[in-house]
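Please treat every number below as a calculation from the coordinates, not as lab data. Computed from a predicted model, the values in this text were never measured in an experiment. Glycine gets a Cβ as well: all are built from the backbone with ideal geometry, and neighbour counts include every protein chain shown.
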Amino acid sequence: MAFNGISIVFARCLSLLQLLFRLDRGLPPANRRLVVDGLAGALAIGLVATTPVAAQDKPSSVGLGVFTFTSGPAAAYGMPGKNAADLMIDEINAKGGIGGVPVTATYVDEAQGAQGVIAEYRRLAGDAKNQVMVAALSSATCLALAPIAEQLEVPTVGWNCDTHQLLIDGKSKYVFRPNGNTVPEFIAYAIYLLDRKPDVKTVAIINPDYAFGHDAAKIFTAALKALKPDIEIVAELYPKLGSPNYQTEISRLTTARPDVVFSNLWGADLENFVRQATPRGLFTSSQVILALGETVLQRVPLPDGVIVGVLGDGWWMSPDAKANPETVKFAEAYKSRFGEYPVFPSIKMANTLIYVKAAYEAAMQKNGGKWPTRAELADAMKGSKVATLTGIVQTRADNDGLVDQIVGVTLKTSAQPFPVIGDMVRYKGDSLLPQAGQDPLAWISTLKPEFAKGLPKPGSYKIGER
Amino acid sequence: MRIILAAAAVVMLAALAFAAPWLQFVLTLAIAKGFAALGVAVLLRAGLISIGHAMFFAASAYGAAFLARAGINDLGLLLILSVLVSALIGAIAGSFLVRYRAIFFAMLNLAVSMVFYALCAKLYGVTGGTDGLPVPIPAVFGIVFAEPVFKSILFYLSLMLMVLVGLVVHRYLDSPLGHALSAVHSNEIRLEYLGIPVWAVLLIAYTISAALAGLGGAIAGLAIGRVVPDFAFWTASGHLVLIAVLGGIGGVPGAFIGALFLELLHSAAVTVTDAWNLFVGITLIVVIMFMPQGIYGLFERKEAQSS
């Protein structure tokens with residue numbers, strides 16, 4: 001509806017320009033028309049914006065603002081998310097939508113930067129139909145949107161944004177992240193690595209040069225140092241996001257000859273890095289950890305034995321996923337529509353939509369079948385426990401989600417033309433996360449080598465076990 | 001006639017934001033960028049293109065974030081101090097930059113601003129890296145308002161500042177100092193022979209333009225509530241030059257017209273298509289091809305005809 005308003009104003013603005021052009025050719029002035037047009041446009045927007053919508057009436061559709069990268073290099077991560085959202089919303093609507101109301105999504109491109117994203121967020125939030133926002137992918141976007149979500153009181157569910165800073169103050173009422181954060185995601189790799197290769201001495205890190213890369217390096221290093229104090233970090237490299245060429249970095253890595261190379265490069269960067277590092281023998285000289293390796297399994301030929309994971313439990317081929325007919329159906333539908341099986345960003349998005357749907361259902365059950373308000377939806381998300389495509393997400397008191405962490409190594413099988421993940425472990429979500437309100441880095445430094453003893457071992461997560 | 005039109009435009013803006021609350025944010029940002037573009041336009045009068053003014057925009061926004069962290073919690077004080085910060089940086093950078101002309105001036109501005117960008121992105125401990133810094137909501141004359149009220153105050157304050165600062169800059173451009181700028185453009189040596197120190201003329205212009213960019217940056221920082229290094233990226237600087245050229249450098253309103261046009265166009269384009277960049281780009285090509293004087297040039301031409 002607001003869009004109509006904009007188009008009216010725009011039509012007016014354009015007619016303004018046209019008028020002026022004609023004026024130049026000597027036609028009589030029509031300034032009043034111009035002012036009247038502008039005011040009419042403003043009025044139209046005003047009417048649309050102030051039309052009251054009774055919160056308890058069932059709307060004609062459930063509006064969702066979905067924030068992801070649909071252009072630029074980060075679309076390599078963002079588009080699988082958008083694709084999954086498209087598919088998941090179709091599946092939800094095929095089953096009658098949410099409470100009998102069909103779901104429609106408005107996608108917002110995060111590539112336009114914080115300013116544009118905030119403007120769009122405010123526009124969507126101004127429409128009472130959009131009760132929940134699924135936002136966002138980038139941590140910077142989430143950090144910028146979080147205060148606005150609290151101020152406008154719009155339930156905002158982060159489908160990715162895994163910075164541990166997002167919910168650290170524990171005061172969020174409307175911002176949720178049913179998806180874990182950087183702390184358990186990267187501690188998991190440290191534990192898995194030490195279980196698999198207990199005699200590791202030297203580690204090199206190559207991460208993208210922005211907050212995600214630096215945070216991951218900090219957490220991974222801190223966890224390694226706490227669990228095995230004699231480990232030495234021999235190189236820390238931060239190539240620019242979107243670098244086409246990694247030859248210098250690969251030279252540094254091969255001459256440093258570390259036991260382990262850790263990386264959370266992703267998207268085209270990761271594909272480039274793997275393609276350039278494989279012929280130079282990096283994968284044979286060092287144990288490589290690719291934290292976001294699962295996203296490129298279907299695209300580049302990774303050798304066997306590379307430690308990869310999914311920053312959560314969202315692997316479409318995990319034993320839990322295989323046991324869930326919904327997930328199998330989703331993966332096949334995804335493959336037939338987009339030509340590739342879902343990668344973990346897709347699963348994160350799909351799980352987030354399931355989380356939102358569950359909140360609607362819980363809220364309606366609680367208030368006796370009436371259509372829920374935004375506050376009731378946020379209430380329903382608090383402390384909720386939702387079964388997703390790949391596991392269970394438990395919302396803590398600080399609105400952070402507890403999800404399990406799956407880590408494994410690449411493995412060629414006869415079943416698939418691309419490598420899969422084998423020798424898997426599934427760490428319980430709460431076992432790798434500090435208590436709500438605790439400073440995560442301080443918590444990591446208190447970990448003792450005994451900490452890892454109580455956790456499951458590589459290879460313990462197999463078909464038929466949970 | 002011109003005054004009536006300008007007053008009508010300001011009233012329309014005020015009404016538009018009142019009618020559509022979400023537009024208020026877009027308009028606040030547009031005015032903020034208008035200030036920065038006005039800074040670029042001032043230098044353009046002297047024939048100097050700065051592809052680095054986003055640095056002052058960002059410096060002031062970061063300034064506001066740091067000042068807020070240091071305990072300064074008043075809107076007026078924050079605005080004034082952060083504008084002073086950017087003016088100071090402008091005076092320092094300007095003292096060596098204004099000795100250069102043409103492509104060298106443009107490139108050196110770009111270089112300095114990218115150094116600033118790199119510092120913002122790399123100094124994790126200080127600037128929060130790419131995740132940036134929060135800019136909390138300050139009090140207004142000691143009164144703490146709720147977020148929506150504060151944003152309205154900020155918008156109407158920016159609108160007021162737009163008129164006031166616009167008038168001041170208009171006076172400046174009409175003063176001997178301002179006219180000296182176009183003289184630098186047409187014949188710099190003659191200006192020196194007349195006994196006017198070109199260096200001083202340009203340094204003053206540069207400092208004023210940095211302060212204008214800073215005012216925009218402080219408003220934008222407060223409106224967005226977070227500063228990220230992208231504020232200082234060279235594409236942001238290019239954006240400001242684009243706004244200035246698009247709006248037209250013939251007069252003060254040009255920068256604001258350009259900013260409003262570009263921001264509203266952007267807002268409309270993203271609601272229609274993922275390829276919003278394409279949409280914005282095509283419109284810009286059309287505007288620049290058919291309106292070489294900028295949008296404000298049309299008003300001026302028409303004015304000249306009717307008088």
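See the values below:
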read-out	value
D_trans [Stokes-Einstein, Kirkwood Rh over alpha-carbon pairs] for the protein assembly as shown, 37 °C, 0.692 mPa s, µm² s⁻¹	118
GluC sites (Glu not before Pro) lying in DSSP loop within the range A:278-371, provided at most 16 other Cβ fall within 10 Å	A:GLU340
Hits among aspartates and glutamates - C-alpha to C-alpha of A:LYS95 under 13 Å, sequence gap 8 or more where chains match	A:GLU326
Only Lys, Arg (+1) and Asp, Glu (-1) charged, at Cβ; the range B:25-233 dipole about Cα centre in debye	160
Mean residue ellipticity (222 nm) of the protein assembly as shown, computed from DSSP H runs ≥ 4 via -39,500 (n - 2.57), nearest 500	-19000 deg cm²/dmol
Rg to Rh, two decimals, where chain B supplies the alpha carbon set and Rh follows Kirkwood	0.96
Selection from A:ASN351, B:ILE143, A:SER336 lying farthest towards where the dipole of the protein assembly as shown points positive, charges on Cβ	B:ILE143
Partner chain coverage, peptide A:123-131 - average Cβ within 10 angstrom	2
Total charge dipole magnitude, chain A, about the Cα centre, Cβ charges on Lys, Arg, Asp, Glu only, Debye to nearest 20	560
Under 16 Å from A:LYS329, Cα to Cα: aspartates and glutamates that are on another chain or at least 8 residues apart	A:ASP86, A:ASP90, A:GLU91, A:ASP320, A:GLU340
Long-range HN-HN contacts of A:PHE262 with modeled amide H, under 5 Å	A:ALA204, A:ILE205, A:ILE206, A:ILE289
Histogram of C-alpha separations across the range A:395-449, 10 Å bin width, %	20, 34, 25, 16, 5
Listed residues A:ALA114, A:ALA76, B:GLY129: farthest to the positive end of the dipole of the protein assembly as shown (Cβ charges)	A:ALA114
5 angstrom amide H check on A:GLY158, placed H, neighbours 5+ away	A:ALA135, A:PHE176, A:ARG177
Options B:ALA14, A:ASN207, A:ILE231, ranked by Cα towards positive dipole end of the protein assembly as shown, top entry (Cβ charges)	B:ALA14
The range A:314-329 - phi-based ³J(HN,Hα) in whole Hz, Karplus 6.51/-1.76/1.60, Gly and Pro as x	x, 9, 5, 10, 5, x, 5, 5, 5, 7, 9, x, 4, 5, 4, 4
Table column - 3J(HN,Hα) (Hz), the range B:94-101, Karplus curve with 6.51, -1.76, 1.60, x for Gly and Pro	x, 4, 9, 6, 6, 7, 9, 10
Peptide-level mean, for B:11-17, of C-beta atoms on other protein chains within 10 Å	4
Choice from B:ALA255, B:ALA37, B:ALA146 with maximal GNM fluctuation in chain B (Cα, 10 Å cutoff)	B:ALA146
Cut-off under 5 Å, modelled amide H: who pairs with A:GLU232 long-range	A:THR202, A:VAL203
Pairwise centroid distance, computed over Cα atoms, of the range B:134-188 with the range A:297-356, Å	52
Volume per residue of the C-alpha convex hull in the range A:80-144, rounded to whole Å³	84
³J(HN,Hα), Karplus 6.51/-1.76/1.60, whole Hz, each residue of the range A:338-351, x for Gly, Pro	10, x, 9, 6, x, 9, 5, x, 4, 5, 4, 5, 4, 4
Sequence-distant lysines (8 or more away, or on other chains) whose Cα lies within less than 27 Å of A:LYS453	A:LYS197, A:LYS201, A:LYS218, A:LYS225, A:LYS228, A:LYS428, A:LYS462
Inverse of mean 1/r across different Cα pairs in the range A:202-341, Kirkwood, Å	16.2
Computed over the range A:56-178, Cα set: Rg, Dmax in Å	14.1, 42
